[in-house]
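Novice: Let me give you the structure first, and then I'll get to my questions.
The values are calculated or read from the model by the stated rules, or taken from the named source; none is laboratory data. Everything quoted here is computed from the prediction, not taken from an experiment. FYI the Cβ positions are ideal-geometry reconstructions off the backbone, even for glycines, and counts take in every protein chain you see.
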Amino acid sequence: MGDVYIVGIDMLKFSKSAGVPPEVLGAEAAINAMDEAGVTIKDIGTLYAGSAFTGGIAQRLQKQIGQTGIPSASVSNACATGATAFREAMFSVKAGMTNIALAVGCEVMPRGLLGGAGEPEGITTEGLTGSATMPAVFAEAGQEHAAKYGTTFAQFAKVSVKNHHHSTLNPKAIYQVETPLEQVMGAEMIAYPNTKLMCSVNVDGAAAAVVMSEEEVRRRGLMDRAVKVRASALASDAFQTRNPTMHDVNLATQMAANWAYEQGGLGPNDIDLIELHDCFATAELLHYENLGICGPGEAGRMIDDGETAIGGRIPVNLSGGLLSKGHPIAATGIANLYELSCHLRGKAGARQVPNARFGLAHVVGLGTVSAVHILEKVS
Amino acid sequence: MTETVTEPPRPALPFIRYGDDGKPHVEARRCSNCQAVVTSNPYACPSCGKRNTLVPFVASNKGVLHSYSIVFRSFPGVQTPFISAIVDVEGGVTLKGVLRGVEARPEAIKFGMPVKVVFDDALGRKDRQGHSYISYFFEPA
């Protein structure tokens with residue numbers, strides 16, 4: 001199967017949508033991506049659109065951008081929804097179904113805490129059998145690392161300081177505000193050790209990508225804007241005793257990362273920048289190890305030493321990440337690819353990683369499913 | 001005429017069961033093929049995929065604290081703070097629940113601390129029909 005390239009990609013600035021439905025957000029991102037690729041809906045052979053909270057999103061979207069009758073599918077795959085839609089679009093090109101496919105992720109989020117719904121029958125178990133809220137679940141994942149390696153509250157908090165700093169350089173992030181360590185640690189405690197500033201931002205948004213076969217990219221003369229999909233992997237949670245009593249975001253991430261490295265013939269040392277799933281500050285440190293950019297137990301030292309900050313050895317979440325760019329669930333997977341594409345095209349402005357050649361994007365959703373993509377600059 | 005039937009509190013979770021002696025316990029299952037332990041009752045063993053191999057057993061009431069979070073913000077009506085805890089119970093079962101009898105501050109909570117699993121009324125919570133419930137809690141051993 002031949003290589004697939006991103007030739008048009010966009011994300012909307014993440015914000016609260018104020019009543020705009022997800023398919024309208026998705027339509028705007030899709031149109032921007034198609035414009036960049038120099039195609040119209042008539043050129044698109046397949047559509048995969050994702051939303052975690054709105055059903056039938058692909059067909060809703062088609063009513064906004066053109067009902068051409070092409071094969072379309074609505075994708076829902078937890079926090080890997082956008083990445084899964086992208087992957088399906090890529091596979092439809094790889095399989096020869098079409099030379100041009102469109103992937104969209106769009107989301108209008110429910111407000112407030114996610115997770116921990118009550119039982120349909122009986123009584124609510126929140127606060128009775130622990131907490132199923134996302135801040136608590138990811139706090140427990142972080143505390144497991146703390147138990148094993150002595151990782152501290154301050155080290156977790158430094159992730160938020162870094163990612164908020166990064167997003168001051170990203171006009172498409174919802175926040176452009178510095179948050180010093182004292183402010184992050186002193187913010188309202190939600191679920192120790194995650195304070196409010198260590199939780200991802202509940203926003204709405206959309207991102208979209210047009211992918212093409214190599215032959216089509218060449219035929220249309222679009223290599224100047226093309227970004228190569230070097231690897232795409234998706235892993236679900238293999239059985240472990242504690243999971244799902246204690247959700248595990250580590251193993252699926254490790255498996256997806258290993259498969260992606262193997263597929264791309266690359267290792268962690270080849271990667272120039274990473275957009276990873278910092279849904280909570282506690283999660284980011286775990287993924288340094290899961291993605292192999294440091295050894296077991298070294299994540300705390302890595303954040304202390306600034307290795308993952310802008311200008312560091314391997315910058316992580318230059319976009320501001322989910323913590324400061326925002327996390328509209330289904331848009332996130334494609335928004336990560338947008339950020340990588342900006343760098344690989346040399347168009348990331350003040351946060352540009354010089355001479356970036358390979359970027360890695362990671363998402364992980366509970367249940368569990370994780371996607372890892374590696375994108376490559378076209379030289 | 002209505003008949004008054006004394007009914008024991010209902011289990012808050014499906015794997016809380018009453019034994020023949022009327023005492024509550026956690027019912028887990030161990031796979032006779034691969035030894036995996038679960039608290040669910042699936043069609044096949046989620047670890048090895050074999051069918052009809054999951055054998056129920058009564059979980060121990062002794063365990064150690066694996067991880068936790070101190071929850072300050074929860075859903076409306078849920079009293080905070082509380083300690084949401086992951087406990088590894090002897091025999092391979094992992095349970096999630098509330099750790100009580102310990103101050104809700106990190107300095108008071110030690111990873112690996114021994115805990116016991118105790119059963120008690122489900123914080124006074126009742127369903128729409130007014131039934132009482134029973135759940136488990138963790139306490140320092």
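Novice: Considering only the range B:1-43, state which residues are within 14 Å of another protein chain (Cβ to nearest Cβ), of a type in the set (K, R) and exposed (fewer than 12 other Cβ atoms within 10 Å of the Cβ).
Specialist: Once the filter is applied, which keeps residues that are within 14 Å of another protein chain (Cβ to nearest Cβ), of a type in the set (K, R) and exposed (fewer than 12 other Cβ atoms within 10 Å of the Cβ), the range B:1-43 yields nothing.
Novice: Shifting gears a bit: Quick one: in the range B:123-141, which of the residues that are on the phi > 0 side of the Ramachandran plot and small (G, A, S) is surrounded by the most Cβ atoms within 10 Å (Cβ to Cβ)?
Specialist: So, considering only residues that are on the phi > 0 side of the Ramachandran plot and small (G, A, S), the one surrounded by the most Cβ atoms within 10 Å (Cβ to Cβ) is B:G124.
Novice: Counting only residues that are at the interface with another protein chain (Cβ under 7 Å from one of its Cβ atoms) and part of a loop (DSSP other than H, G, I, E, B), which one in the range B:61-88 is surrounded by the most Cβ atoms within 10 Å (Cβ to Cβ)?
Specialist: Ranking the candidates gives B:S74 first.
Novice: Something else now. Against the definition (more than 11 Å from chain B (Cβ to nearest Cβ), touching a Gly at 6+ places or on another chain (Cβ under 8 Å) and not acidic (D, E)), how does A:A173 come out, yes or no?
Specialist: yes
Novice: Out of A:T98, A:T84, report the one residue that is within 28 Å of A:A260 (Cα to Cα), part of a helix (DSSP H, G or I) and among the polar types (S, T, N, Q).
Specialist: Checking each option against the conditions leaves just A:T84.
Novice: Could you please let me know if A:D10 is under 19 Å from A:V217 (Cβ atoms) and over 21 Å from the mean Cα position of the chain (by Cα)?
Specialist: For A:D10, the condition - under 19 Å from A:V217 (Cβ atoms) and over 21 Å from the mean Cα position of the chain (by Cα) - is not met.
Novice: To continue, here is another question. For the range A:186-224, how many residues meet the condition of being part of a strand (DSSP E or B) and more than 14 Å from every other protein chain (Cβ to nearest Cβ)?
Specialist: 10
Novice: If you don't mind, another one. Restricting attention to the range B:112-141, which residues are more than 26 Å from B:R29 (Cα to Cα) and part of a loop (DSSP other than H, G, I, E, B)?
Specialist: B:D127, B:R128, B:Q129, B:G130, B:H131
Novice: Could you list all residues from the range A:225-267 that are away from chain B (no Cβ under 14 Å) and basic (K, R)?
Specialist: Selection gives A:R225, A:K228, A:R230.
Novice: Look through the range B:69-93, keep the residues that are in contact with a helix residue (DSSP H, G or I) (Cβ under 6 Å, 6 or more places away or on another chain) and of a type outside the set (A, V, I, L, M), and return whichever of them is nearest to A:T195 (Cα to Cα).
Specialist: Going through the qualifying residues, I end up with B:S69.
Novice: What helices (runs of 4 or more DSSP H) lie completely within the range A:248-332 and have 1 or more residues being under 17 Å from the mean Cα position of the chain (by Cα) and modelled with pLDDT of 95 or more?
Specialist: Hits in the range A:248-332: A:250-264, A:281-290, A:321-324.
Novice: Still on this structure: Is it true that some residue in the range A:30-48 is of a type outside the set (A, V, I, L, M), out of contact with any helix residue (DSSP H, G or I) (no Cβ under 9 Å at 6 or more places or on another chain) and closer than 13 Å to A:A206 by Cα?
Specialist: yes
Novice: Now a separate question. Taking the range A:136-158 only, how many residues are out of contact with any helix residue (DSSP H, G or I) (no Cβ under 7 Å at 6 or more places or on another chain), at the interface with chain B (Cβ under 7 Å from one of its Cβ atoms) and crowded, with 20+ Cβ neighbours inside 10 Å?
Specialist: 4
Novice: What residue, of A:G112, A:G69, A:G82, is out of contact with any Phe, Trp or Tyr (no Cβ under 8 Å at 6 or more places or on another chain) and without any contact (Cβ under 8 Å) to a residue 24 or more places away in the chain?
Specialist: A:G69 is the lone residue from the list that is out of contact with any Phe, Trp or Tyr (no Cβ under 8 Å at 6 or more places or on another chain) and without any contact (Cβ under 8 Å) to a residue 24 or more places away in the chain.
Novice: Just the residues that are facing another protein chain (nearest Cβ under 10 Å) and under 19 Å from B:V58 (Cα atoms), please, taken from the range B:121-141.
Specialist: B:S135, B:Y136, B:F137, B:F138
Novice: Cβ contacts < 9 Å: first residue more than 9 Å from chain A (Cβ to nearest Cβ) and closer than 14 Å to B:V93 by Cβ, restricted to the range B:44-60; second residue among the β-branched types (V, I, T) and not in a strand (DSSP E or B), any location; separation 6+ or different chain. Result?
Specialist: B:A59/B:T39
Novice: Against the condition of a type in the set (D, E), in contact with a Phe, Trp or Tyr (Cβ under 7 Å, 6 or more places away or on another chain), over 30 Å from B:Q79 (Cα atoms) and crowded, with 22+ Cβ neighbours inside 10 Å, how does A:E88 come out, does it pass?
Specialist: No: the conditions fail for A:E88.
Novice: Still on this model: Suppose we filter A:G127, A:G122 for residues that are surrounded by 21 or more Cβ atoms within 10 Å (Cβ to Cβ), free of Cβ contacts under 8 Å to residues at least 12 places away in the same chain and within 14 Å of another protein chain (Cβ to nearest Cβ); which single one remains?
Specialist: It is A:G127.
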